[in-house]
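After the structure tokens below, expect a handful of questions from me.
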Amino acid sequence: MIPAAIVAYLIFLAAVGLWTTRRNRGPSDFYLAGRRLGLLTTVLATMSSIMSGFVFVGGPGLFYAVGLGSFWIVISASFTGAMMCWLLARPLHRMAAEAGCLTIPDVILARYGCRVSSGFAAVAILLGVVGYLATQLMAMGVILATVLDTSIWVGILAGTLVLALYTTAGGMVAAIYTDVVQGAVMLIATSLIFAFAVGTGGGVHDISATIQSELPEVLGPWGLAGPVTCLAWFFLFAVGSLGQPHVAHKMMMVRDLKALRHFPWILAVSMIACSLVWLGVGSSVKSLVLGGTLAPLAHPDEAVTVFLERFAPEWLKALAYAGIVSAIMSTGDSFANVGAAVLARDVHRSLGRQPRDTVAYGRLFSIVLFGLALIFANSVKGLVAYAGILGFGLFAAALTPLLAIGLNWPRATAASARASLLVGTISAITGETVSRLGYYQLAIPPACLALVLSLIAFLVVGLGRKRHSDCTLPAL
Amino acid sequence: MLWLLLVALLAMLVGGIFSLPALMATGAVTAIVALTGLKCPSRFLLVAFWVWLEGVFLYLVFQSHDLTSSAFGLPRPALLMLLGVWLAPVLIWPVGFALTFKRWMGGK
């Protein structure tokens, strides 16, 4: 039943994507879904692109490993939507409408008037997108291999084929339509898995009692991770989310800003519902292992799959795997579109060439991007997880100051942008590399350190300039 | 707001490097509020958010060892973390955004 359900779901997604092909009449449709998004489509598309497979697989695993402290990663979901609206929505929406911007590097060029900053941002986005997309493809391969009882590479290729088919054919229009379906599947799946997981563990009270009697630190507010690491996660994911290009990009697609009035609280409620799976499965599996019902996991990331295989009925397993595939694909399609735009437009313009501004080139570069991600996934297998971690940190450190502060502060200049991009990119890459090699000794994670340093660099250079400096902030 | 943001970030940096959770918590909350203050049309929303989160964070920093059971059998700090940092902020900023939406749209 489960393989048939998942195959049917994949065919359905591909069909939805192909159905939207006719709706792509120009670059604005292909990259910005024609700027026609209403409230619910914006909410579901934003939520599903933020909530990757990590929430289903990595989150419960991290809870199993470090306890409640892991939850600081998603805890800021309750208010980041409001920050996104206040700081990004209006300037990005207006730049898309009035300056014809289609991508984040377009916005940076329009705002700072600096081709170096725009090109630097394009390269940072491309690096992050290839790494992130490779992680999503690998994760999808693992899940499809489990469900379809095949090899990981067959799973990767099958998943990539479906994703590439609808992303290439339908561009962002297809991504948004499928995101709406995928977001709805994710919400239903996470809510039911949460209820089932809590029930299997004997209820919140019993789960809590078992964990408290065996390993009480797990239910402390910092878990086993420590307060500095948890607070750094909180800051990184609250503020760093503003620099994620696939999320910020959604603000450029909104039809009318008036549609955003209820966006923050609806987004918050849907993200809270989605992150229930993190709490439910993570705490239930920990309690079942500590209580002796379940053998200790070989690897924390097995928490959700072991739980489903051992306890869930077939229909819930099918729904859960559909939810996981949805989460992975909805993040993957946004990255694919953002990456294709960088290859088709921003890289060419940075080199002083004419951007390849047609739907045909968008499709061609989508295929190129999937090829790059597959090559990356194959050639640096052990580094794919590292690339995924680096991706978020790189986007956060490189882009957050330029977008969250720079779009709202007239005194920010091209010099601030260049300083921040340089400090953010170098410190993110160096920090994650040193950490991977085992030489990083600080409790604050390298990605958070890079974000803080990059914000400081942006402010110091901007505040150090005189008021009559080369301000190019459009009338926002 | 930008000078406040800079000071808050420096506090976070010092708190993060030298493992000082109270400084780190204050720096993080203040930085988020100062950054949002660039465009948030209501000082009340900024102050309410800062006071609420700062209070919860300081409680968590200094009382994290408290294992007294409370609702659902959860230790008191865990319950406060979930209610105070995860759920309650929805009522401050996202709902506050909807309530002050006209002011934000009008740019007043």
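Rundown of residues vs (1) of a type in the set (Val, Ile, Thr); (2) over 17 Å from the mean Cα position of the chain (by Cα); (3) open to solvent by 10 Å² or more (accessible area, probe 1.4 Å), yes/no style:
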| position | (1), (2), (3) |
| --- | --- |
| A:GLY141 | no, yes, no |
| A:GLY159 | no, yes, no |
| A:LEU163 | no, no, no |
| A:THR168 | yes, yes, yes |
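So in region B:17-36, with the set limited to residues that are at pLDDT 95 or above and small (Gly, Ala, Ser), which one is surrounded by the fewest Cβ atoms within 10 Å (Cβ to Cβ)?
B:ALA22
If you don't mind, there's one more thing I want to ask. Can you tell me which residue in region B:39-59 is surrounded by the most Cβ atoms within 10 Å (Cβ to Cβ), limited to those that are modelled with pLDDT of 95 or more and at the interface with chain A (Cβ under 8 Å from one of its Cβ atoms)?
B:PHE57
If you don't mind, there's one more thing I want to ask. Would you check which residues across region A:248-274 are open to solvent by less than 10 Å² (accessible area, probe 1.4 Å), more than 26 Å from A:ILE193 (Cα to Cα) and outside any loop (DSSP other than H, G, I, E, B) and list them?
A:ALA248, A:HIS249, A:LYS250, A:MET251, A:VAL254, A:LEU260
Check off (1) open to solvent by 10 Å² or more (accessible area, probe 1.4 Å); (2) touching a residue at least 60 places away in the same chain (Cβ under 8 Å) for A:ARG22 and give me the number that stays unchecked.
Going through the list (1) open to solvent by 10 Å² or more (accessible area, probe 1.4 Å); (2) touching a residue at least 60 places away in the same chain (Cβ under 8 Å), A:ARG22 breaks only (2).
Filter region A:426-435 for residues that are of a type in the set (A, V, I, L, M, F, W, C) and touching a residue at least 24 places away in the same chain (Cβ under 8 Å); which is surrounded by the most Cβ atoms within 10 Å (Cβ to Cβ)? Full working, then the answer.
From region A:426-435, those of a type in the set (A, V, I, L, M, F, W, C) are A:426, A:428-429, A:434; that's our starting set.
Narrowing further to those that are touching a residue at least 24 places away in the same chain (Cβ under 8 Å): A:428-429.
Values: A:ALA428: 28, A:ILE429: 18.
Per the stated criteria, the residue is A:ALA428.
State which residue is modelled with the lowest pLDDT when the search covers only region A:213-224 and only residues that are over 30 Å from A:SER49 (Cβ atoms) and within 7 Å of another protein chain (Cβ to nearest Cβ).
Filtering first and then ranking leaves A:PRO216.
Being part of a helix (DSSP H, G or I) and over 18 Å from the mean Cα position of the chain (by Cα) is the requirement here; does A:PRO60 meet it?
no
Still on this structure: Please find, within region A:225-253, the residue that is farthest from A:MET83 (Cα to Cα) out of those that are aliphatic (A, V, I, L, M) and away from every other protein chain (no Cβ under 11 Å). First the steps, then the outcome.
First, the residues of region A:225-253 that are aliphatic (A, V, I, L, M): A:225, A:228, A:231-232, A:236, A:238-239, A:242, A:247-248, A:251-253.
Subset that is away from every other protein chain (no Cβ under 11 Å): A:225, A:247-248, A:251-253.
On the way: A:ALA225: 27, A:VAL247: 12, A:ALA248: 11, A:MET251: 12, A:MET252: 15, A:MET253: 17 Å.
Ranking the qualifying residues of region A:225-253, first place goes to A:ALA225.
Where the second residue is open to solvent by 10 Å² or more (accessible area, probe 1.4 Å) and not in a helix (DSSP H, G or I) and the first is facing chain B (nearest Cβ under 8 Å) and lies in region A:58-83, which pairs have Cβ atoms under 6 Å and are six or more apart or on separate chains?
Sorted first by the residue in region A:58-83, then by its partner, the pairs are A:LEU68/A:GLY223.
In region A:436-467, what residues are more than 8 Å from chain B (Cβ to nearest Cβ), open to solvent by 50 Å² or more (accessible area, probe 1.4 Å) and part of a helix (DSSP H, G or I)?
Answer for region A:436-467, where residues must be more than 8 Å from chain B (Cβ to nearest Cβ), open to solvent by 50 Å² or more (accessible area, probe 1.4 Å) and part of a helix (DSSP H, G or I): A:ARG436, A:LEU437.
Yes or no: A:LEU126 without any contact (Cβ under 8 Å) to a residue 60 or more places away in the chain, within 25 Å of A:ALA344 (Cα to Cα) and part of a helix (DSSP H, G or I)? Can you show your working first?
Numbers: without any contact (Cβ under 8 Å) to a residue 60 or more places away in the chain: no; within 25 Å of A:ALA344 (Cα to Cα): yes; part of a helix (DSSP H, G or I): yes.
Against the criterion (without any contact (Cβ under 8 Å) to a residue 60 or more places away in the chain, within 25 Å of A:ALA344 (Cα to Cα) and part of a helix (DSSP H, G or I)), A:LEU126 does not qualify.
Report yes if B:GLY96 is in contact with a Cys (Cβ under 9 Å, 6 or more places away or on another chain), at the interface with chain A (Cβ under 8 Å from one of its Cβ atoms) and within 19 Å of A:ILE444 (Cβ to Cβ), otherwise no.
Details: in contact with a Cys (Cβ under 9 Å, 6 or more places away or on another chain): yes; at the interface with chain A (Cβ under 8 Å from one of its Cβ atoms): yes; within 19 Å of A:ILE444 (Cβ to Cβ): no.
Taking the combined requirement at face value, the residue does not satisfy it.
Just a yes or no: is a residue in region A:176-191 in contact with a Gly (Cβ under 6 Å, 6 or more places away or on another chain), surrounded by fewer than 23 Cβ atoms within 10 Å (Cβ to Cβ) and among the β-branched types (Val, Ile, Thr)?
Within region A:176-191, one or more residues are in contact with a Gly (Cβ under 6 Å, 6 or more places away or on another chain), surrounded by fewer than 23 Cβ atoms within 10 Å (Cβ to Cβ) and among the β-branched types (Val, Ile, Thr).
Name the residue, out of A:VAL306, A:VAL277, A:VAL289, that is among the β-branched types (Val, Ile, Thr), outside any loop (DSSP other than H, G, I, E, B), more than 11 Å from chain B (Cβ to nearest Cβ) and open to solvent by less than 10 Å² (accessible area, probe 1.4 Å).
Working: A:VAL306 fails: open to solvent by less than 10 Å² (accessible area, probe 1.4 Å); A:VAL289 fails: open to solvent by less than 10 Å² (accessible area, probe 1.4 Å).
The unique qualifying residue is A:VAL277.
When you scan region B:60-83, do you find a residue that is assigned to a helix (DSSP H, G or I), open to solvent by 10 Å² or more (accessible area, probe 1.4 Å) and of a type in the set (Asp, Glu), even just one?
Keep residues of region B:60-83 that are assigned to a helix (DSSP H, G or I), which gives B:60-63, B:71-73, B:76-83.
From the residues that got through so far, the ones that are open to solvent by 10 Å² or more (accessible area, probe 1.4 Å) too are B:61-63, B:71-72, B:76, B:79-80, B:82-83.
Within this subset, residues satisfying the condition of being of a type in the set (Asp, Glu) are none.
No: region B:60-83 contains no residue that is assigned to a helix (DSSP H, G or I), open to solvent by 10 Å² or more (accessible area, probe 1.4 Å) and of a type in the set (Asp, Glu).
A:ASP206: part of a helix (DSSP H, G or I), over 30 Å from A:PRO27 (Cβ atoms) and either touching a residue at least 12 places away in the same chain (Cβ under 8 Å) or open to solvent by less than 50 Å² (accessible area, probe 1.4 Å) (or both), yes or no? Working first, answer last.
Numbers: part of a helix (DSSP H, G or I): yes; over 30 Å from A:PRO27 (Cβ atoms): yes; either touching a residue at least 12 places away in the same chain (Cβ under 8 Å) or open to solvent by less than 50 Å² (accessible area, probe 1.4 Å) (or both): yes.
Against the criterion (part of a helix (DSSP H, G or I), over 30 Å from A:PRO27 (Cβ atoms) and either touching a residue at least 12 places away in the same chain (Cβ under 8 Å) or open to solvent by less than 50 Å² (accessible area, probe 1.4 Å) (or both)), A:ASP206 qualifies.
Here's another thing I want to ask about it. If I go through region B:50-108 residue by residue, how many of them are in contact with a Lys or Arg (Cβ under 8 Å, 6 or more places away or on another chain) and within 16 Å of A:ILE272 (Cα to Cα)?
0
Right, here's the next one. Got at least one residue in region A:84-95 being among the aromatic types (Phe, Trp, Tyr), buried (at least 21 other Cβ atoms within 10 Å of the Cβ) and at pLDDT 90 or above?
Keep residues of region A:84-95 that are among the aromatic types (Phe, Trp, Tyr), which gives A:86.
Within this subset, residues satisfying the condition of being buried (at least 21 other Cβ atoms within 10 Å of the Cβ) are A:86.
Now narrow it down to the ones that are at pLDDT 90 or above: A:86.
Within region A:84-95, one or more residues are among the aromatic types (Phe, Trp, Tyr), buried (at least 21 other Cβ atoms within 10 Å of the Cβ) and at pLDDT 90 or above.
The values are calculated or read from the model by the stated rules, or taken from the named source; none is laboratory data. The structure presented is a predicted model; accordingly, all values stated were derived computationally and were not measured. As a convention, Cβ positions derive from the backbone with ideal geometry for all residues, glycine included, and neighbour counts pool all protein chains shown. Side chains included, ligands, DNA and RNA excluded: accessible areas come from the protein's heavy atoms. Shrake-Rupley method; radii C 1.70, N 1.55, O 1.52, S 1.80 Å.
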